[in-house]
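A short write-up of the structure that comes next.
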Amino acid sequence: MRLLNISVGLWGSILCLLTGLALYFAYISYDAPYYLAIARDISSGFVPYKDITSLYAPLMMYLNSLLYLLFEDPGYHYFLVFQYIVIFSSAGLLYHLARRFNLNNQKSILLSLFFSLAILSSDGININLEVYVLLCVMLSFWFLEKKQFFLVGTFVSLSVFAKQYGVFNFIPFFLLIFFQPGYSKRNLIKFFFGASVPVILFLIYYVVLNDVTISALVDQLSGRGYGQRNISRSRSLFTWIIGSKVFILLLIPLLFLKIKPFKDKVTGILILGIIVNLIPVLVQVFPHYFILTFPYIFMLMVRNGQDISKNFLYVSNISLTVICLMLFLRILRYKNVYEEQMDEAVKFRVEYPVGSTVFLSGPIRYLYILNNYKNPVLKQVGYDYSFHPDDDFRKKYEVISSN
């Protein structure tokens with residue numbers, strides 16, 4: 001199909017271009033200092049939940065801490081490249097899954113390109129946890145197709161240790177195993193044994209080896225009311241449209257595939273997977289929260305890939321055009337931010353030299369990365385963005401605030 005070949009060549013070239021631009025003009029995003037500062041602290045021997053108060057699951061931080069061991073002074077772009085490797089690894093798994101479902105090479109490549117561009121346009125060009133959940137889920141699908149149920153359970157469980165929202169993946173994967181042809185209780189037993197391994201290792205490492213109490217783990221990993229604070233915020237149709245725009249653009253091509261959720265149990269379960277992974281957007285309508293649904297959306301496309309027609313390609317190309325345009329405009333809008341951040345970092349080094357111990361409050365937190373500043377209250381506060389230092393705190397600790 002000539003249109004398919006043209007589409008693959010076009011979007012492959014655009015993906016390379018936009019990835020290069022996103023990397024070249026990258027700036028330290030709002031959440032990045034939280035994750036990367038903890039990764040740095042881990043590389044220095046600190047233990048999350050014991051030495052560092054943290055509201056997030058630890059897998060991403062531990063993986064990124066390896067860069068501090070491999071490189072003497074890794075810059076922000078090192079971590080961004082690492083995240084792109086994670087994203088494109090997930091896309092590679094999607095390609096191989098498509099091939100296992102007997103899609104030809106061109107269709108498989110096109111879906112992988114679509115997948116990659118959708119992720120990048122959903123905050124994937126910034127450091128976030130969702131892309132690590134994504135990789136774990138794609139590995140779970142890969143091992144499900146190979147009928148290695150123990151490893152399916154292991155990677156579904158690891159998705160929770162990438163971010164707590166990964167727990168919703170247990171629902172569709174349990175059902176996918178239960179309704180598999182030739183179902184056996186042994187398969188589910190292997191699945192749950194596999195899922196228990198990361199949990200057991202997690203508890204041994206923190207509770208047994210590092211004397212972290214169960215109550216401390218529950219208190220921190222439950223988010224301490226973070227979700228409730230955000231649920232109470234006002235919502236508007238505009239915020240929902242802005243946050244979900246890429247997600248909506250992915251759903252439109254699905255209408256041109258012969259999807260029968262009530263006749264095909266697996267299709268119905270994949271749709272359920274999309275629905276349960278939309279639960280986090282009840283907390284906040286961030287674009288990167290929708291990444292959690294992408295494995296299920298694209299597995300629907302893969303399973304129905306034989307029905308990919310010219311109409312599907314036309315609509316997909318329109319969706320991709322809008323997705324890429326939004327990504328390009330976003331890169332263009334923030335292209336000078338990193339330079340501004342570096343200027344601010346140099347300015348602060350006059351009074352607070354690199355490596356100083358200071359507490360950063362507000363958007364200035366990127367100085368934890370650029371100036372390698374050390375947090376003086378790791379155990380008491382950590383990097384909690386909801387904490388606002390009062391006068392007593394400022395008398396006790398050196399505080400830099402942008403407010």
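Things to note:
- The C-beta contact set for segment 277-292 (first residue touching a residue at least 12 places away in the same chain (Cβ under 8 Å), second residue surrounded by 22 or more Cβ atoms within 10 Å (Cβ to Cβ) and part of a loop (DSSP other than H, G, I, E, B), distance under 6 angstrom, 6+ apart or interchain) comprises HIS288/ASN128; LEU292/ASN277.
- Selection within segment 11-25: residues that are without any contact (Cβ under 8 Å) to a residue 24 or more places away in the chain and not small (Gly, Ala, Ser). The member of this set that is nearest to TYR78 (Cα to Cα) is TYR24.
- The condition of being at pLDDT 95 or above, within 13 Å of LEU250 (Cβ to Cβ) and assigned to a helix (DSSP H, G or I) holds for ILE297.
- One residue alone among ILE171, ILE189, ILE204, ILE177 is closer than 22 Å to VAL302 by Cβ, among the aliphatic types (A, V, I, L, M) and surrounded by fewer than 20 Cβ atoms within 10 Å (Cβ to Cβ), and that residue is ILE171.
- Qualifying position, being under 16 Å from LEU134 (Cβ atoms) and either in contact with a Leu (Cβ under 9 Å, 6 or more places away or on another chain) or acidic (Asp, Glu) (or both), among SER112, SER108: SER112
- Matching residues, segment 350-378, being farther than 21 Å from TYR78 by Cβ and either more than 26 Å from the chain's Cα centre (by Cα) or of a type in the set (Gly, Ala, Ser) (or both): VAL350, GLU351, TYR352, PRO353, SER356, THR357, VAL358, PHE359, SER361, GLY362, PRO376, VAL377
- Members of segment 304-316 that are touching a Phe, Trp or Tyr at 6+ places or on another chain (Cβ under 6 Å), open to solvent by 20 Å² or more (accessible area, probe 1.4 Å) and either farther than 27 Å from LEU237 by Cβ or without any contact (Cβ under 8 Å) to a residue 40 or more places away in the chain (or both): ASN311
- When residues of segment 348-391 are limited to those that are in contact (Cβ under 8 Å) with a residue 24 or more places away in the chain and among the charged types (D, E, K, R), the one nearest to ILE127 (Cα to Cα): ARG365
- Residue within segment 53-71 that is touching a residue at least 24 places away in the same chain (Cβ under 8 Å) and over 23 Å from LEU209 (Cβ atoms) present: yes
- Residue check, GLY166 farther than 13 Å from PRO295 by Cβ and in a helix (DSSP H, G or I): no
- Of all residues in segment 327-347, those that are of a type outside the set (Phe, Trp, Tyr), touching a Leu at 6+ places or on another chain (Cβ under 9 Å) and either over 30 Å from VAL399 (Cα atoms) or in contact (Cβ under 8 Å) with a residue 40 or more places away in the chain (or both) total 5.
- Inclusion of SER215 among residues that are at pLDDT below 90 and surrounded by fewer than 11 Cβ atoms within 10 Å (Cβ to Cβ) is not warranted.
- Screening GLU130, GLU145 for residues that are among the charged types (D, E, K, R) and within 23 Å of GLY243 (Cα to Cα) leaves exactly one candidate, GLU130.
- Contacts under 6 angstrom Cβ, first residue in segment 256-268 being part of a loop (DSSP other than H, G, I, E, B), partner of a type in the set (Ser, Thr, Tyr), 6 or more apart: ILE259/THR267; PRO261/THR267
- Meets criteria (open to solvent by 10 Å² or more (accessible area, probe 1.4 Å), under 20 Å from the mean Cα position of the chain (by Cα) and of a type in the set (A, V, I, L, M, F, W, C)) for ILE119: no
- Evaluation of TRP240 against the conditions (1) over 16 Å from PHE141 (Cα atoms); (2) modelled with pLDDT of 90 or more; (3) under 20 Å from the mean Cα position of the chain (by Cα); (4) assigned to a helix (DSSP H, G or I) shows that the sole unmet condition is (2).
- The listed residues are LEU94, LEU139, and the only one of them that is of a type in the set (A, V, I, L, M), in contact with a Ser or Thr (Cβ under 9 Å, 6 or more places away or on another chain) and more than 19 Å from SER7 (Cα to Cα) turns out to be LEU139.
- All positions within segment 127-159 that are outside any helix (DSSP H, G or I) and open to solvent by less than 20 Å² (accessible area, probe 1.4 Å): ILE127, ASN128, LEU129
- Some residue of segment 77-100 being within 17 Å of the chain's Cα centre (by Cα), under 21 Å from ASN375 (Cβ atoms) and touching a residue at least 40 places away in the same chain (Cβ under 8 Å): yes
The values are calculated or read from the model by the stated rules, or taken from the named source; none is laboratory data. What you are looking at is a predicted structure, and each value in this text was computed from that prediction instead of being measured. Methodologically, a virtual Cβ is constructed for each residue, glycine included, from the backbone with ideal geometry; neighbour enumeration extends over all protein chains shown. Keep in mind that these areas ignore ligands, DNA and RNA; they rest on the heavy atoms of the full protein, side chains included. Shrake-Rupley method; radii C 1.70, N 1.55, O 1.52, S 1.80 Å.
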